[in-house]
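Visitor: Pasting in a structure now, in structure tokens, and then I'll have a few things to ask.
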């Protein structure tokens, strides 16, 4: 029963509530930044505008172009929405209530699982562009594929750096790919964005966070990296031929991807559900402590989503050559240098007690002349 409730919370809040909520936030915030009124006709303060949009999408005519690959054309929007939603199941959105941890599934390789399912979304964009039988859609799909592959490399390297920071505290001897363990270490030592308790790694944590955030913007096709759907060049890009609920699924996939990336940044860099000064009210097993930890986590995620929206309506769009140059000539070398710096600092600051083998551990095998020692 507890697992069903956690799954229902993730689906209902992060997918079905936060997504339309961010749509109205983006429309109202962009209107405020540009001196406009924004949506204010449907419901109090226009808060029911996403519901009106949903009704409109449901009743619009669903068109499949002649010559389109019908199977891939229908499958593409689903592949854009479902994989990011799966990435939420391994993210701890709170501490615990009683003996029940607030996480749908605790995988020891949760980081790998999340990055694997997020990487599947690129197939949805590529399939949508190719299956539409439209040159503009095809170019948008190709742009999306090249962009996501390019920036996934910097994204992965920034994650490697934060995993090393998490294991780089002098008292730690082993890294982990478990998101819950990563959060618990930040509760114990400090947030990874500030070096995870090792102040020499403070620059590495800040650089890793910036790299992750910039790469996440490109992964989510958000300005200034929304070249795959550049309306000035490609009409609508990969979703040019889509209408009705298929188009809505593409839009939902974008916002769900933003939510997942914000949750990952919160988990990897910002301590997850923890908060300095409040941890004594968050680490217990009482029900109100669990709910408070969920509130802290959601506050961090929504704050990052606000930054997403502000950046979209502040920065101009890059040219495509600038996009690729930034990814391959700037972010990837910087991410590699950051990983090397974390490794060097981790080795130099590791305590002798942590580096020594534990009692009962097997001695290392040495190859000597004439046999094995």
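Visitor: Between residue 288 and residue 25, what's the calculated FRET efficiency when r is the beta-carbon distance and R0 is 22 Å? Round to 0.05.
Guide: Approximately 0.20, to the nearest 0.05.
Visitor: Additional query: What length, rounded to one decimal in nm, is gained on full extension from residue 115 through to residue 8, with 0.36 nm per residue of separation minus their alpha-carbon distance?
Guide: That pair, residue 115 and residue 8, stretches by 36.3 nm at full extension.
Visitor: Moving on. Under the classification rounded if a/c is under 1.5, otherwise prolate if a/b is larger than b/c and oblate if not, where does segment 41-91 fall, given a ≥ b ≥ c as square roots of the Cα gyration tensor eigenvalues?
Guide: The shape class here is oblate.
Visitor: May I pose another question? Could you tell me how far the Cα centroid of segment 4-70 sits from the Cα centroid of segment 276-331, in Å?
Guide: Distance between centres, Cα-based: 21 Å.
Visitor: Moving to a separate point now. Residue 99 versus residue 142, label points 7 Å from Cα toward the beta carbon: distance in nm?
Guide: Result for the modelled spin labels: 5.9 nm.
Visitor: With N denoting the number of residues in segment 2-350, provide Rg(C-alpha) divided by 2.2 N^0.38 Å, to two decimal places.
Guide: So the Cα radius of gyration is 1.02 times the expected 2.2 N^0.38 Å.
Visitor: Given R₀ = 30 Å, FRET efficiency for residue 210-residue 66 by Cβ-Cβ distance, to 0.05?
Guide: Between residue 210 and residue 66 the formula returns 0.05.
Visitor: Kindly state, to the nearest 0.05, the FRET efficiency for residue 315 paired with residue 1, given R0 = 56 Å and r defined as their beta-carbon distance.
Guide: 0.75
Visitor: Give the peptides 19-27, 215-223 in descending order of average Cβ contacts within 10 Å, highest first.
Guide: Ranking the peptides 19-27, 215-223 by packing returns 215-223, 19-27.
Visitor: I would also like to ask the following. Provide the packing ranking of 114-123, 281-290, i.e. peptides ordered by the mean count of other C-beta atoms within 10 Å per residue, highest first.
Guide: 114-123, 281-290
Visitor: What is the extension gain from residue 348 to residue 17, computed as 0.36 nm multiplied by their sequence separation minus the C-alpha to C-alpha distance, in nm to one decimal?
Guide: So the extension gain works out to 114.5 nm.
Visitor: To two decimal places, what compactness ratio does segment 84-227 give when its Cα radius of gyration is scaled by 2.2 N^0.38 Å?
Guide: The value comes to 1.22.
Visitor: Given labels modelled 7 Å from the Cα in the Cβ direction, how far is it in nm from residue 54 to residue 188?
Guide: 4.3 nm
Visitor: What number results when the radius of gyration of segment 206-354, computed over Cα atoms, is divided by 2.2 N^0.38 Å?
Guide: So segment 206-354 has a normalised radius of gyration of 1.32.
We did not get these values from a lab; they are worked out from the coordinates using the rules stated. Because the structure is a prediction, the values reported are computed rather than measured. Using ideal geometry, Cβ is built from the backbone for each residue, glycine included, and neighbour counts are taken over all protein chains shown.
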